[in-house]
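This report refers to the structure that appears directly beneath it.
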Amino acid sequence: MLVFKDTILSLVASVQLNSNDMLRVGDWIEMPQVNADGDVIDIALHTVKVQNWDKTITTIPTWRLINESYKNWRGMQESGGRRIKRSLLIDQTSVRFLTGRSESGCAASC
């Protein structure tokens, strides 16, 4: 029985993923535990393949998708929303309160 542990776990996980419609090919998922952040390209009995945004492919055992948490961005994609991942660097010494307006119409610090 110990020999077939992974196969049995994967079979049960695949049934749960399909019956609960938790994952489909084309879904955008994010699972930081395995460095996966991209589109699902294949769902098999034992593994789920995710093509990351840098074009690398991460293979995730199906039982990990049941036992661990992951984000599925399908709802955002279906609603027409967008997610943009960018860093915004702000120098904390440049942040200050605005003062009143001057005659030219801009803040006094213009």
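Read-outs: derived from the displayed coordinates by stated rules, not from any lab. Keep in mind that this is a model prediction, so the values were computed, not measured. Methodologically, a virtual Cβ is constructed for each residue, glycine included, from the backbone with ideal geometry; neighbour enumeration extends over all protein chains shown.
About the centre of its Cα atoms, the chain shows a dipole size close to 200 debye [charges on the beta carbon of Lys, Arg (+1) and Asp, Glu (-1) only; nearest 20 debye].
How large is the convex hull of the Cα atoms of the chain per residue, expressed in Å³ as a whole number?
So the per-residue hull volume is 181 Å³.
Per residue, the chain reaches -7000 deg cm²/dmol at 222 nm when only DSSP H runs of four or more residues are counted, each adding -39500 (n - 2.57). With the charge dipole of segment 5-74 set up from +1 on Lys and Arg Cβ and -1 on Asp and Glu Cβ about the Cα centre, the Cα lying farthest toward the positive end among the listed residues Trp73, Asn18, Met31 is that of Asn18.
Using 0.36 nm per residue and subtracting the Cα-Cα separation, the extra length available between Ser69 and Asp39 on full extension is 9.1 nm.
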